[in-house]
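Encoded as structure tokens, the structure appears first; notes follow it.
The values are calculated or read from the model by the stated rules, or taken from the named source; none is laboratory data. Note that the structure is a prediction, hence the values are computed from the model and not measured. No Cβ is skipped: glycine too gets one built from the backbone with ideal geometry, and neighbour counts run over all protein chains shown.
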Amino acid sequence: MGPHDGIERFTSPGKGRGMRALRDFRLGELLFTCPAYTCVLTVNERSNQCDHCFARKEGLSKCGKCKQAFYCNVDCQKGDWPMHKLECSSMCTYGQNWNPSETVRLTARILAKQKLHPERTSSERFLTVKEFESHLDKLDNEKKELIQTDIAALHHFYSKNLHYADNAALEVLFAQVNCNGFTIEDEELSHLGSAIFPDVALMNHSCCPNVIVTYKGTVAEIRAVQEITAGDEIFTSYIDLLYPTEDRNDRLKDSYFFTCDCKECTTKQKDPAKLEIRKLSEPPSPKTIRDMVKYARNVVEEFRRAKHYKTPSELLEMCELSIEKMGAVFEESNVYMLHMMYQSMGVCLYQQDWDGALKYGQKIIKPYSKHYPPYSLNVASMWLKLGRLYMGLEKKSAGIKALKKAIAIMEIAHGADHHYIAEVKKELEQ
Ligand SMILES: [Zn+2]
Ligand SMILES: [Zn+2]
Ligand SMILES: [Zn+2]
């Protein structure tokens, strides 16, 4: 049986087009794969991964001309040239001033790909790039201005190598990329790049998804994380599922222009635990709680912006202050506390403060497992980070236990034969 035999495109009541199972799928079973229509390696991962196939290895060889792109071998370099040539000479010309956003880089590649391969590709068996929803009519002025900034950058950095569509067509294309583009992450959820996977974009969203998307190089793989019965709609999650219903739907509305009606959004079953309040002899008033949630949501947003310009120690201080303030009202298992602890852990890892990172990870993992669905990449990656920290700090038995927890989830989400699992198993033996 081929990898596309068990699924079909259909019209989902109230959701427009979607994807449906034609047969049963068991937990961990592969539903389909989708090679990237086009993709781009993020600037920070250059020299760690091959620009063409995203393989992670030592000793990649660099493009002799720009010395900025890295490849496994001549085949990968040749394979990448139709896309790399959009940037190679431009990076030489602009030097330090070459700074298009990843969205602009990806969009340039879509335009080149459409020219190079106008026929339907193997990434578009169920949905074509041309069919992508743009939601252009729903964009506010701020979003429209951001798109115009991207279009200006596209003209600035790519004009030599691309023939453009007119401004209106580019506006539509950027809007399509904004709501149909994917980011590729590694097993610890570090950002590797951006890509277009048309068939994957056909799936609708649910906060209780029955499939998970993982990556093998630049190929997306879609596996069942719940038992699926013939006739069921296939749902993936577009967003981080840690947060309470209102926050999730703000995010869905802002980025994808819809409100979710899944079981979790209707029953809000997990919200009380996600917003856990401290049990004090004098419980905080409803107003105190409301004000603290408002503060928390602000601090999350403020931190997201601060990451671009503050120093690690300033960021850590920001986290610690907010954790202390929220801790007067929220339990440590409250998702806003967890959010700031996760950010602290990230800063500690960046600073190679392994003990600091471990301290936060240990606090995060248990509530994480409770808030997220049973098979979650967020939970798997947290076990993995914890396990690797333990092993590095010579705490072998705790390390082995954590790594095995990560493997148990990854065997379902990534598939038992994924090279990430082979790597973790190697770490277990050391
Ligand atoms: Zn390669
Ligand atoms: Zn080059
Ligand atoms: Zn939902």
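Report, by residue number, each residue of the stretch 21-43 that is closer than 21 Å to HIS414 by Cα and either part of a strand (DSSP E or B) or touching a Pro at 6+ places or on another chain (Cβ under 9 Å) (or both). Correct list: ALA21, PHE25, LEU30, LEU31, PHE32, THR33, CYS34, PRO35, TYR37, CYS39, LEU41.
Please determine whether any residue of the stretch 21-29 is surrounded by 15 or more Cβ atoms within 10 Å (Cβ to Cβ), touching a His at 6+ places or on another chain (Cβ under 9 Å) and closer than 27 Å to LEU202 by Cα. No: the stretch 21-29 contains no residue that is surrounded by 15 or more Cβ atoms within 10 Å (Cβ to Cβ), touching a His at 6+ places or on another chain (Cβ under 9 Å) and closer than 27 Å to LEU202 by Cα. Restricting the stretch 208-247 to residues that are β-branched (Val, Ile, Thr) and assigned to a loop (DSSP other than H, G, I, E, B) leaves a set whose member that is farthest from GLY415 (Cα to Cα) is ILE239.
Yes/no per residue for (1) farther than 22 Å from THR11 by Cβ; (2) surrounded by fewer than 14 Cβ atoms within 10 Å (Cβ to Cβ); (3) outside the structural domain of GLU102 (by TED's automatic domain parsing):
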residue: HIS117; (1), (2), (3): yes, yes, no
residue: LEU127; (1), (2), (3): no, no, no
residue: SER134; (1), (2), (3): no, no, no
residue: ASP137; (1), (2), (3): no, yes, no
residue: ASP140; (1), (2), (3): yes, yes, no
residue: ALA152; (1), (2), (3): yes, yes, no
residue: ASN161; (1), (2), (3): yes, no, no
residue: LEU170; (1), (2), (3): yes, no, no
residue: LEU173; (1), (2), (3): yes, no, no
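Of the helices (runs of 4 or more DSSP H) lying entirely inside the stretch 346-428, those carrying at least 2 residues that are closer than 26 Å to HIS308 by Cα are 354-371, 377-392.
Pairing residues of the stretch 133-155 that are hydrophobic (A, V, I, L, M, F, W, C) with residues that are not in a helix (DSSP H, G or I), at Cβ distances under 8 Å and at least 6 apart in sequence or on separate chains, gives ILE147/LEU139; ALA153/PRO100; ALA153/SER101; LEU154/PRO100; LEU154/LEU162; LEU154/TYR164.
A quick yes/no check of all residues on (1) touching a helix residue (DSSP H, G or I) at 6+ places or on another chain (Cβ under 7 Å); (2) of a type outside the set (Asp, Glu); (3) in the same structural domain as ARG26 (by TED's automatic domain parsing); (4) within 16 Å of ligand 2 (Cβ to nearest atom):
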| site | (1), (2), (3), (4) |
| --- | --- |
| GLU187 | yes, no, no, no |
| LEU192 | yes, yes, no, no |
| LEU202 | no, yes, yes, no |
| CYS207 | yes, yes, yes, no |
| ILE212 | yes, yes, yes, no |
| GLY217 | no, yes, yes, no |
| ALA220 | yes, yes, yes, no |
| ILE228 | no, yes, yes, no |
| PHE235 | no, yes, yes, no |
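The rows are residues; the columns are (1) closer than 29 Å to THR288 by Cα; (2) surrounded by 16 or more Cβ atoms within 10 Å (Cβ to Cβ).
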site	(1), (2)
GLU314	yes, no
GLU324	yes, no
GLN343	yes, yes
VAL347	no, yes
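Within the stretch 196-217, the set of residues being within 16 Å of ligand 1 (Cβ to nearest atom) and surrounded by fewer than 23 Cβ atoms within 10 Å (Cβ to Cβ) comprises LYS216, GLY217.
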